[in-house]
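Novice: One structure is given below, represented as C-alpha cells, and several questions about it will come after.
The values are calculated or read from the model by the stated rules, or taken from the named source; none is laboratory data. Since the model is a prediction, treat every value here as computed from it, not as a measurement. With ideal geometry, Cβ positions are generated from the backbone for all residues, glycine too; neighbour counts draw on all protein chains shown. Heavy atoms of the whole protein, side chains included, go into the accessibility calculation; ligands, DNA and RNA do not. Shrake-Rupley method; radii C 1.70, N 1.55, O 1.52, S 1.80 Å.
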Amino acid sequence: MIRKLAPFFLPLAFAVAQTEELEPLEAHGPPAPSAKEELSVFDRSRLTKSPSLHLDQILLENPAFGTYRRSGSGIAHPTTQGVSLRGTGTSATSRSIILLDGIPLNDPFGGWVRWNRFSIGELESVRFGHASTFASSAGAILVKRRRPDKKPIREFKLTGGDVHGFSADGFAAPAAKKNGWESTGSFRVEDFAGHPVVRVSQRGSIDEDAWSRMRAARTSVSRQLSFGRFTANLAGFDERRGNGTPLAGNEGDGFDWSLSLEDDGSRTSLFGQERNFASVFQSRVSEAIVLDQFSVPGSSLGFIHAGSRETGEHEVGFAFVALRREGETNEDFAGYKLRRVAGGRQTQLGLSLNNAWSPAAGWNLVAHLRGDWFRDDQGMRKKWRLSNDAVLEDESFVAHEDIEAGGSLQLSKELIPQLAAWTAVRSHVRQPTLNELYRPYRVGSFSVAANENLSTERITGLEVGLDWRASEHGSISLTLFQDNLRDSIANVVPDPIIYPDDAQRINLDQARSKGLELSLEYLLANNLQLALNGLLMETEIRRCPENPRIVGNRFAQAPEHRVSATLIWSPDPWEFRLDARRESNRYDDARNSHNRLLDDAFTLDLSLVRNLSGNARLRLTVNNLTDEEIQTGLSSDDIISTGAPRNLLLGLEWRF
C-alpha cells in the first residue's frame, strides 16, 4: 500500500520559499437568509477554527450529524461509523451518502466511512444537503476539496497528545494557471495512541488500549483544454487498528480514482474504488479468536454526466448516474473450524432533473425529480468445514430488481430583508448494502442473520423553518421536521423470542423521526462570538409485524436531544475557544432494554491558539476537560464501552 501512497506526496515538492500569512481566525457576523437547499455549511473558516483533528468530530458541532456510536473515528470500529442526518438511521449503516467533489466515498460493501482519512487542510467546505445525484434516503454530505488559488499554497501541521499520539498533515498547490497544468496534493499520517474502551471497574487482564495507525494521501492534476477542463484525482489509504484486546483488531486499505471533464454547462466523470478490509473478533472470556474476517474485498465503478443551463427565469439541470458495486466477506469461525464466504453485486442507474425558479420578487422554488433502477445479483453464501471441505451451506440467491421514483420540492420567501421562511417536502430511497443483504455477523453473544429479501428503504419528510437575521450581529434559524420511514432496515429479534440475542435484519413497516432544530449565532463583540445549536428529536418504531413488542420504541442509538455551544474570544494574537456538547441517553438495542440504556453524555473542550507570526500558529487543546465517562456501548452481558478520557493536544501549523 505504501507504493500507492508515495507518488501522491510529489505535488508537495512544488513548494518553494515564500512567506505567506495564515488566514486570521476572526469572528464573523452571520450570513443573510437564503433559500434552504442545505441544512448546514462548514466553510473553510469554520473548518480551520475547529480544534478537532478528525472530520466527524468537527461535524458534531451541528447536532443533526451523528455516527451510530459516540466513539470518535480514531478508535471506533469502521463498521459503526455510518451517518444518518437527524437520527434517521435504525441501524449502523449510513443513510446519508458522502460525496467528495461529487464522487461517492461510502464503502462499496458496507456503506461505512473512514472519517479519519481526511486531512482538514485539503477541504474547502462541507455541506449537508437534501438532495444528491446518487440515491440516499437521508440526504448527502457534500465535501469539496480546495483548488489552486492566485498564490501558491503550502501548509503543514504537526500534532501530538497523550491519547491522540502523533499526526502530520500537509497540503500544497501551486498558483492557479489559465493555461498549463495545475495540481494539488495532500497527505495525512497518524499514529493514534488510543485509550481504554472498557469501564475502569470492568477491565481485566485481557483489556488494553484501542489504537489506530492511518496513512492517507490524495492528489489531483488538471488542465484547461479547448473543449473543457480535464481533471484526474488519485487517493489512497492504509490503516491498522487495535480494538482493545491483544488479538482483536481490524485493518483496511483502499484506492480511489476519478477522471472528469468539465465545461461551462456540463460535467462528465468516470470513477472507481478498490477496498479491502479485515477484522478479528476475540472472546473476552476465553481470550481466543472467535471470528477471523480475514478479507472483505470491495470495488465500485461509476459514471456521472450532469449539466445545467439558464432558460429565462429558470435554471434547469439534469444528472445521469451509473454505479456498479461488488464485494464479499471471507471469514473463519476459529472455534468451529468453519469458513464462510458471502457477497454479491449491485447496479444502480439514476436520472435526476431539477429546476430553480424565482416566480416573483423574494420567492424561490427548487424542484428535484429523480428515478432509479436497482439490481442485486450474483448473491451467494457458502459455508464449509476446513478439516474435510464438507459443505454445510451453499446458497445462490435470485436476482432482484426495483424501480423507484422520488424527489423534493423546496419553497422559500423573503418576508422582509432580515427574515426568510421556507418549507420543503422530499422523498428519497436507499438500496440495501451488500453487507445487509448477504452477511450474517456475531458480536459477543449477539448475532444478526442476513436477509437477501430486504426491500428498498424510503424516507419521506416535511419541514418548515425560519431564518432571522435579527441584527448585523446575530441570527437565528429554526426548523421543524418530520421524517416517515418505510421499510427501514433494522436488527430485530423475532417474536416469539426464543433466543433473545439472535436477531435478523428486517424491513420495519413504519417508523418516524420528528423534532426541532435550532441554531443561533451572535457576535457579542468584535472579538467575541457565541454559537448555540440544538436538536430535539423523537424517534419511534410505528409498525413491525415480526415483533409487535418493539412498536413505540425509540431507534437504537438515537438520543432524544443533542446540544452544542461554542464561545470564541480572539484578542490578537490569541484565541480562546470553549466547546460544550450534551447528549441525552440512548438505548443500545431496538428492544429498548432497560439494562442497555446508555447514560447522558457531556463534554467540555478548551483550546488556546497563539499566532506566532504571520505564517505560524500554536494550538493547545484540553479535550473532555471534566474527565466525564462517555458511554459508547452496553453489551448484553453488561460490559460498558467508553470513549476518550481527559486528554491534551499540542499542535503547530504553518504556511511557507
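Novice: How would you classify the range 124-272 from its alpha-carbon gyration tensor, with a ≥ b ≥ c the square roots of the eigenvalues: rounded for a/c under 1.5, else prolate if a/b is greater than b/c, otherwise oblate?
Specialist: Prolate, because a/c is 1.5 or more and a/b exceeds b/c.
Novice: Quote the charge dipole size of the range 286-370 about the Cα centre in Debye, to the nearest 20; the model charges only the Cβ of Lys and Arg (+1) and of Asp and Glu (-1).
Specialist: Dipole magnitude for the range 286-370 comes out near 280 debye.
Novice: Over the Cα atoms of the range 36-108, each weighted equally, I'd like the Debye log10 I(q)/I(0) at q = 0.17, 0.22, 0.27, 0.28 Å⁻¹, rounded to two decimals.
Specialist: Values, matching the q order: -0.70, -1.18, -1.50, -1.51.
Novice: I would also like to ask the following. Structure shown: which of K49/K413; K157/K177; K49/K151; K157/K514; K49/K150; K144/K178 lie over 30 Å apart, alpha-carbon to alpha-carbon?
Specialist: K49/K413; K157/K514
Novice: Right, here's the next one. What list of ³J(HN,Hα) couplings, whole Hz, do you get for the range 354-360 from phi and the Karplus terms 6.51, -1.76, 1.60, once you set θ to phi - 60° and write x for glycine and proline?
Specialist: 9, 8, 10, 9, 10, x, 7
Novice: Just want to confirm a number: the relative contact order over the chain, from Cα pairs under 8 angstrom separated by 6+ residues, in percent.
Specialist: Taking the mean separation of contacting Cα pairs over the length of the chain, I get 12 percent.
Novice: Ok, one more. Need one number: nm distance between label points at M380 and R240, each 7 Å from Cα along Cα→Cβ, rounded to one decimal.
Specialist: 3.3 nm
Novice: So, one more: First measure r as the distance between the Cβ atoms of D394 and N526, then evaluate 1/(1 + (r/R0)^6) with R0 = 51 Å and state the FRET efficiency to the nearest 0.05.
Specialist: Computed FRET efficiency for D394 and N526: 0.10.
Novice: Translational diffusion coefficient, Stokes-Einstein: compute it for the range 48-193 using the Kirkwood radius over C-alpha pairs as Rh, at 10 °C and 1.306 mPa s, and state it as an integer in µm² s⁻¹.
Specialist: It comes out at roughly 97 µm²/s.
Novice: Taking the Cα centre of the range 560-616 as the origin, how large is its charge dipole in debye, to the nearest 20, when only Lys and Arg (+1) and Asp and Glu (-1) carry charge on their Cβ atoms?
Specialist: Charge dipole of the range 560-616: 40 debye, to the nearest 20.
Novice: If you don't mind, there's one more thing I want to ask. Among S475, G185, S119, whose Cα projects farthest towards the positive end of the dipole of the chain, with charges put on the beta-carbon of Lys, Arg (+1) and Asp, Glu (-1)?
Specialist: Positive-most Cα among the choices belongs to G185.
Novice: Once you have all Cα-Cα distances for the range 505-553, histogram them in 5 Å bins from zero and send the whole-percent values.
Specialist: Pair shares across the bins are 5, 17, 17, 11, 10, 9, 8, 7, 6, 6, 4, 1.
Novice: Does the range 112-151 come out rounded, prolate or oblate by the C-alpha gyration tensor, with a ≥ b ≥ c the root eigenvalues, rounded set by a/c under 1.5 and, if not, prolate when a/b is larger than b/c and oblate if not?
Specialist: Oblate is the answer for the range 112-151, as a/c is 1.5 or above yet b/c matches or exceeds a/b.
Novice: Taking every pair of alpha-carbon atoms in the range 478-566, what share in percent sits in each 5 Å bin, from 0 to the bin with the longest distance?
Specialist: 3, 13, 18, 16, 13, 10, 8, 7, 5, 4, 3, 1, 0
Novice: Cα-based Rg (one decimal) and Dmax (whole number) for the range 247-366, in Å?
Specialist: Cα-based Rg and Dmax for the range 247-366 come out at 23.2, 72 Å.
Novice: So what is the relative contact order of the range 110-153, in percent, for Cα pairs below 8 Å that sit 6 or more residues apart?
Specialist: 35 percent
Novice: Between E124 and I498, with labels modelled 7 Å along Cα→Cβ, what's the label distance in nm to one decimal, could you check?
Specialist: 5.8 nm
Novice: Taking only the Cα atoms of the chain, how large is their convex hull per residue, in Å³?
Specialist: 152 Å³
Novice: Then there is this: Rank these residues by their accessible area, most exposed first, probe 1.4 Å: H594, H305, H130.
Specialist: Result, largest first: H594, H305, H130.
Novice: Could you go through the range 170-185 in sequence order and give the Karplus-derived ³J(HN,Hα) for each residue, using 6.51 cos²θ - 1.76 cosθ + 1.60 with θ = phi - 60°, rounded to whole Hz, and x for Gly and Pro?
Specialist: For the range 170-185, the Karplus curve yields x, 8, 9, 7, x, 4, 5, 10, 6, 10, x, 8, 10, 8, 9, x Hz.
Novice: Would you pull out the residues with amide H under 5 Å of V83's amide H, same chain only if 5 or more places away, H placed 1.01 Å from N?
Specialist: Correct list: S94, R95, S96.
Novice: How much accessible area per residue does the range 41-127 have, counting only protein heavy atoms and a probe of 1.4 Å, in square angstrom?
Specialist: Per residue, the range 41-127 has an accessible area of 18 Å².
Novice: While we're looking at this one, here's another question. By per-residue mean of other Cβ atoms within 10 Å, what is the highest-first order of 396-407, 564-575?
Specialist: 564-575, 396-407
Novice: I've got another one for you. Give the residue from L625, H594, S519 lying farthest towards the positive end of the charge dipole for the range 512-656; charges sit on Cβ (+1 for Lys and Arg, -1 for Asp and Glu) and the dipole is referred to the Cα centre.
Specialist: Result: S519.
Novice: Here's another thing I want to ask about it. Which distance in nm do the two modelled labels at L301 and R543 give, with both placed 7 Å along the Cα-to-Cβ direction?
Specialist: Reported label-point gap for L301 and R543 is 4.2 nm.
Novice: Also, I was wondering about something else. Given a 1.4 Å probe, how much area per residue of the range 524-623 is accessible, in Å²?
Specialist: Averaged over the residues of the range 524-623, the accessible area is 45 Å².
Novice: Just want the answer: with Cβ charges of +1 for Lys and Arg and -1 for Asp and Glu, which residue in P645, G534, T133 is farthest toward the dipole's positive end in the chain?
Specialist: The one lying farthest along the dipole's positive direction is T133.
Novice: Let me ask another. So what are the ³J(HN,Hα) numbers for the range 619-627, from phi and the Karplus equation (6.51, -1.76, 1.60; θ = phi - 60°), rounded to whole Hz, Gly and Pro as x?
Specialist: 10, 10, 10, 10, 8, 6, 3, 8, 6
Novice: In the chain, carbon and sulfur make up what percent of the accessible area (probe 1.4 Å)?
Specialist: 56 percent
Novice: First check a/c for the range 129-199, with a ≥ b ≥ c the square roots of the eigenvalues of its C-alpha gyration tensor; if it is under 1.5, answer rounded, and if not, answer prolate when a/b is larger than b/c or oblate otherwise.
Specialist: Verdict is oblate for the range 129-199.
Novice: Still on this structure, I have one more. If you average over every viewing direction, what projected area does the convex hull of the Cα atoms of the range 445-490 give, in nm²?
Specialist: The orientation-averaged projected area of the Cα hull of the range 445-490 comes to 6.4 nm².
Novice: Here is a further query. For the range 521-574 and the range 599-656, write down the distance between their C-alpha centroids in whole Å.
Specialist: A separation of 19 Å, based on Cα centres.
Novice: Please state, rounded to one decimal and in Å, the Kirkwood hydrodynamic radius that the range 556-614 gives when every pair of distinct Cα atoms enters the mean of 1/r.
Specialist: Taking the inverse mean of 1/r over all distinct Cα pairs, the range 556-614 comes out at 13.9 Å.
Novice: Follow-up question, since we're still on this one. Looking at the P(r) of the range 379-482, how many percent of alpha-carbon pairs lie beyond 17 Å?
Specialist: Here the long-distance tail beyond 17 Å is 72 percent of all Cα pairs in the range 379-482.
Novice: At most 15 other Cβ atoms within 10 Å and a DSSP loop assignment: could you name the GluC sites (Glu not before Pro) in the range 275-372 that fit?
Specialist: E287, E313
Novice: A further question follows. Please compute P(r) over all alpha-carbon pairs of the range 555-656, binned at 10 Å starting from zero, and give each bin as a whole-number percent.
Specialist: Bins of 10 Å from zero give 14, 33, 25, 16, 9, 2 percent of pairs.
Novice: Hand me the GluC sites (Glu not before Pro) from the range 178-276 located in a DSSP loop with no more than 16 other Cβ atoms within 10 Å, in residue order please.
Specialist: Passing sites in the range 178-276 do not exist.
Novice: Hey, what's the range 448-503 come to in accessible area per residue, 1.4 Å probe, Å²?
Specialist: 45 Å²
Novice: Amide H of L612 versus every other amide H placed in the peptide plane: which residues, excluding those fewer than 5 positions away on the same chain, fall under 5 Å?
Specialist: R617, L618
Novice: Any chance you could look up the accessible area of Y499 with a 1.4 Å probe, heavy atoms only, rounded to 10 Å²?
Specialist: Only protein atoms counted, so the area is about 150 Å².
Novice: Could you give the dipole magnitude of the range 427-570 about its Cα centre, charging the beta-carbon of Lys and Arg +1 and that of Asp and Glu -1, in debye to the nearest 20?
Specialist: 140 debye
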